[in-house]
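The values are calculated or read from the model by the stated rules, or taken from the named source; none is laboratory data. Quick caveat: nothing in here was measured; it's all calculated off a predicted structure. Cβ: placed from backbone, ideal geometry, glycine included. Neighbour counts: every protein chain shown. Ligands, DNA and RNA are excluded from the accessible area calculation, which covers all protein heavy atoms including side chains. Shrake-Rupley method; radii C 1.70, N 1.55, O 1.52, S 1.80 Å.
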Amino acid sequence: MNAARRFPFRWTVAWLWTLCAVAASAQTPMPGCFEEYTQWSLPNGAKARLGKGTIEALAYSPDGRTLAVGGDVGIWIYDARTGMELALIKGHSGSVYSLAYSSDGQTIASGSGDRTIRIWDAQTGTHLRTLTGHTGDVDSLAYSPDGQTIASGSGDRTIRIWDAQTGAHLRTLTGHTGRVNSVAYSSDGQTIASGSGDRTVRIWDAQTGAHLRTLTGHTGRVDSVAYSPNGQTIASGNSGVDWTVRIWDAQTGAHLRTLTGYMGRVNSVAYSPDGQTIASGNGGSGDETVRIWDAQTGAHLRTLTGHISRVNSVAYSPDGQTIASSGDETVRIWDAQTGALLRTLTGHTRGVGFVAYSPNGRNIASSGGYMNETIRIWNTETGELLRALTGHTGGVDSVAYSPNGRNIASSSNNVFGEGVHIWNARTGTLLRTIKINMLWDVDSVVYSPDGRTIASNSSDETIRIWNAETGKHLRTLT
């Protein structure tokens with residue numbers, strides 16, 4: 001039995017954090033410490049989880065000791081210093097799209113695609129209450145500085161204010177004509193800023209819900225808003241045509257400056273705790289970076305590179321020493337002063353699209369589907385990731401084992417005409433690529449029972465038959 005099942009959540013965190021952190025500092029792995037996280041909180045009869053699921057949201061605890069990461073599996077709690085898994089909180093029936101710690105660190109709020117907000121005890125992982133009322137995904141959450149209320153933004157185009165202690169719905173703020181992607185309280189708790197798909201930032205009175213002003217100028221949806229620590233300015237990130245961060249006067253709504261230079265959309269913005277810098281997460285058109293800016297002048301200070309797909313979220317640690325960013329199935333921790341990469345948290349996926357058992361049942365091959373170019377091979381008994389097969393230039397849509405289990409065939413969205421790949425199942429070596437000189441997606445592949453041919457079907461409404469050994473095209477079924 002693993003550690004998470006032997007002890008209540010509180011003791012799991014304390015025990016793992018203390019013993020495993022000591023082991024990690026001594027560079028001596030402890031059996032049963034963290035390698036069993038794939039077996040935490042499994043349904044009855046399940047043996048292991050293939051990866052940790054997607055990454056949709058992240059949040060530092062107020063003391064900076066833990067990092068919460070939300071996705072389609074639940075909420076993973078990490079040791080922010082070592083990157084080790086401490087616990088998994090489950091309960092939502094949909095992906096976790098937003099997370100927020102209370103200012104005292106005692107509770108965590110999570111917003112989900114199941115249209116609910118759940119409040120959890122941050123020390124024990126106990127579910128305290130569920131807040132219902134939104135009719136769309138809960139995309140953003142923020143605790144008031146005094147911890148008394150919670151603001152939530154939703155795909156239903158509203159902002160709702162809740163009593164954090166009781167879960168009672170206090171008021172609904174309406175006016176946005178697009179989904180509300182981000183909400184933030186000012187440092188004094190008097191106002192709330194919201195960013196929306198309607199290309200605006202709106203400022204609201206936090207006590208009455210009255211609409212105070214609307215900030216316009218973005219030419220596309222506003223995915224992220226953040227108040228400066230002194231409450232004097234607001235930063236907003238734009239995913240539209242202009243790909244900018246805009247800085248606004250929080251009192252008047254006046255546009256102060258625009259941070260430019262991005263080659264892709266700006267998905268997230270965050271102020272450092274001292275208000276001196278702004279971090280932004282970018283994505284698209286080859287600009288999968290975190291950028292650091294001087295908050296006073298708007299000067300570009302440095303660019304953090306390493307992510308290979310869009311950066312969805314950025315957050316400063318409470319002491320301002322590190323920055324966490326999520327993208328390409330990883331969470332990366334950076335030195336905020338130098339931009340050096342300190343550690344990478346791995347094991348997350350963009351979702352599992354297709355799976356196939358090996359003929360002997362010992363392994364499973366999984367593909368991630370759209371925008372995921374990797375095939376993963378897992379041990380079915382332990383859930384251990386054995387190897388990752390990389391080489392597709394488009395998302396992998398299908399995988400199939402040969403009848404003798406020696407090879408794996410995979411199909412992709414067919415970028416550059418590379419439609420079907422054949423791999424050595426034991427080593428992961430790419431044996432051959434079957435070129436299809438068109439931009440039709442290859443949706444599925446299957447071996448014949450004797451393993452001599454492969455059939456593939458495509459979005460051009462044909463089925464093609466190939467020689468499995470040579471890759472030669474034999475015929476087309478129309």
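A few remarks follow.
- The sole residue among Leu141, Leu128, Leu173 that is open to solvent by less than 20 Å² (accessible area, probe 1.4 Å) and closer than 27 Å to Pro318 by Cα is Leu141.
- If the condition is being at pLDDT 85 or above and open to solvent by 10 Å² or more (accessible area, probe 1.4 Å), then the range 400-415 contributes Ala400, Tyr401, Pro403, Asn404, Gly405, Arg406, Asn407.
- Count of the range 195-213 residues which are open to solvent by 70 Å² or more (accessible area, probe 1.4 Å) and within 28 Å of the chain's Cα centre (by Cα): 1
- The lone exception for Gly327 - which of (1) open to solvent by 60 Å² or more (accessible area, probe 1.4 Å); (2) modelled with pLDDT under 90 it fails: (1)
- Arg452 vs. criteria more than 23 Å from Asn379 (Cβ to Cβ), modelled with pLDDT of 90 or more and out of contact with any helix residue (DSSP H, G or I) (no Cβ under 8 Å at 6 or more places or on another chain): yes
- Tally of residues being touching a residue at least 60 places away in the same chain (Cβ under 8 Å), in a strand (DSSP E or B) and of a type in the set (S, T, N, Q) across the range 382-408: 1
- Count of the range 438-478 residues, restricted to those that are exposed (fewer than 14 other Cβ atoms within 10 Å of the Cβ), within 22 Å of Pro359 (Cβ to Cβ) and of a type in the set (A, V, I, L, M), is 0.
- Put simply, of Thr28, Thr38, Thr54 the only residue that is at pLDDT below 85, β-branched (Val, Ile, Thr) and touching a Gly at 6+ places or on another chain (Cβ under 6 Å) is Thr38.
- For the range 309-321, the condition of being within 24 Å of Arg199 (Cβ to Cβ), part of a strand (DSSP E or B), touching a Phe, Trp or Tyr at 6+ places or on another chain (Cβ under 7 Å) and open to solvent by 40 Å² or more (accessible area, probe 1.4 Å) holds for none of the residues.
- Note on the range 68-113: among residues that are hydroxyl-bearing (Ser, Thr, Tyr) and in contact (Cβ under 8 Å) with a residue 60 or more places away in the chain, the one that is surrounded by the fewest Cβ atoms within 10 Å (Cβ to Cβ) is Thr82.
- Against the numbered list (1) assigned to a loop (DSSP other than H, G, I, E, B); (2) in contact with a strand residue (DSSP E or B) (Cβ under 7 Å, 6 or more places away or on another chain); (3) open to solvent by 30 Å² or more (accessible area, probe 1.4 Å), Thr297 comes up short only at (2).
- For the range 214-228, the tally of residues that are more than 25 Å from the chain's Cα centre (by Cα) and surrounded by 18 or more Cβ atoms within 10 Å (Cβ to Cβ) stands at 1.
- Index of the failed condition, Arg265 passing every other in (1) open to solvent by less than 10 Å² (accessible area, probe 1.4 Å); (2) without any contact (Cβ under 8 Å) to a residue 60 or more places away in the chain: (1)
- Test: residue in the range 281-289 that is farther than 22 Å from Arg343 by Cα, surrounded by 14 or more Cβ atoms within 10 Å (Cβ to Cβ) and within 16 Å of the chain's Cα centre (by Cα): yes
- Filtered residue count, the range 231-262, keeping only those that are without any contact (Cβ under 8 Å) to a residue 40 or more places away in the chain, buried (at least 16 other Cβ atoms within 10 Å of the Cβ) and either among the small types (Gly, Ala, Ser) or touching a helix residue (DSSP H, G or I) at 6+ places or on another chain (Cβ under 6 Å) (or both): 1
- Pairs where the first residue, in the range 213-230, is without any contact (Cβ under 8 Å) to a residue 24 or more places away in the chain and within 19 Å of Asp198 (Cβ to Cβ) and the second is open to solvent by 10 Å² or more (accessible area, probe 1.4 Å) and charged (D, E, K, R), C-beta under 6 Å, 6+ apart: Thr219/Asp242
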